[in-house]
Amino acid sequence: MVCDSNRDPNLIRALQSGLREPAQEPSKLVCYCLHTYRMELVKHTGGCHCGAVRFEVWSSPDLHVFHCNCSICTKKQNHHFIVPKNNFTLLQGLDSLTTYTFNTHAAKHTFCKTCGVQSFYTPRSNPDGYGVAPHCLDPGTVRSVSVETFCGEKWEESMQAHKSIRDMSKSAGNIQQRGTQ
């Protein structure tokens, strides 16, 4: 491992404290992945603090969240899970968003102009996807959260060492919608 940071139990508790029981019968999307296993996707909804920005995202109910220690993620306490662009829909608030970039300008840090909350952004690691803040999701669809430390202080080295982060924003083969509404 490139970074000696360990999982922060306080961070895990903080992320999990906002979780509620899964909805009785959430809409489900079953994804037949290239790796011959089935992954259940649910529709999560969320947004910023003032409500100007709203989105929906199809992702697992079991979130794999990254805790990065790069300069911007440290300042913003940016914890996020990654999804392909085609799994994300901005429902409202395009005119309420503004974007901050720095350094390579590959990451697009979008946030609400009114309340300042970044509920999603385009990460440098996955320009073909979105990093979504789990704490900006509405309650009821998250079953569990696992947190992985990513050493953004040594970004290039960490990206080379990480085996699957770039694949997290790739579409997963044939997608079929199933389940209840």
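Residue 128 contributes about 60 Å² of solvent-accessible surface, heavy atoms of the protein only, 1.4 Å probe. Taking 18 Å as the limit for the C-alpha separation, the pairs 76/113; 75/108; 76/170; 43/85; 85/108; 85/113 exceed it in the case of 76/170; 85/113. In the full protein context, the stretch 61-167 carries 49 Å² of accessible surface per residue, based on a 1.4 Å probe and ignoring ligands, DNA and RNA. Distance from the C-alpha centroid of the stretch 99-152 to that of the stretch 57-96: 3 Å, rounded to the whole angstrom.
Here residue 128 and residue 50 are evaluated by their C-beta separation; at R0 = 30 Å the FRET efficiency comes out at 0.55. Taking H as built 1.01 Å from N, whose amide H comes closer than 5 Å to the amide H of residue 67, not counting residues under 5 places away? Those qualifying (amide H under 5 Å, at least 5 residues apart or on another chain) are 148, 149, 150. Ranking 121, 130, 100 from most to least accessible surface, computed with a 1.4 Å probe over the protein chains only, gives 100, 130, 121. Rounded to the nearest 10 square angstrom, residue 168 shows an accessible area of 50 square angstrom against a 1.4 Å probe.
Full extension of the chain between residue 99 and residue 115 yields a length gain of 4.4 nm, computed as 0.36 nm times the residue separation minus the alpha carbon distance.
Largest first, the residues 80, 67 sort by 1.4 Å accessible area into 67, 80. Each Lys and Arg Cβ is given +1 and each Asp and Glu Cβ -1; about its Cα centre, the stretch 61-167 then shows a dipole of about 160 debye. Largest accessible area first, the residues 170, 43 order themselves as 170, 43 under a 1.4 Å probe with ligands, DNA and RNA left out.
The values are calculated or read from the model by the stated rules, or taken from the named source; none is laboratory data. These numbers were taken from a predicted model, which means no experiment stands behind them. Note that we place each Cβ from the backbone using ideal geometry, even for glycine, and neighbour counts take in every protein chain shown. With ligands, DNA and RNA removed, areas are computed over all heavy atoms of the protein, side chains included. Shrake-Rupley method; radii C 1.70, N 1.55, O 1.52, S 1.80 Å.
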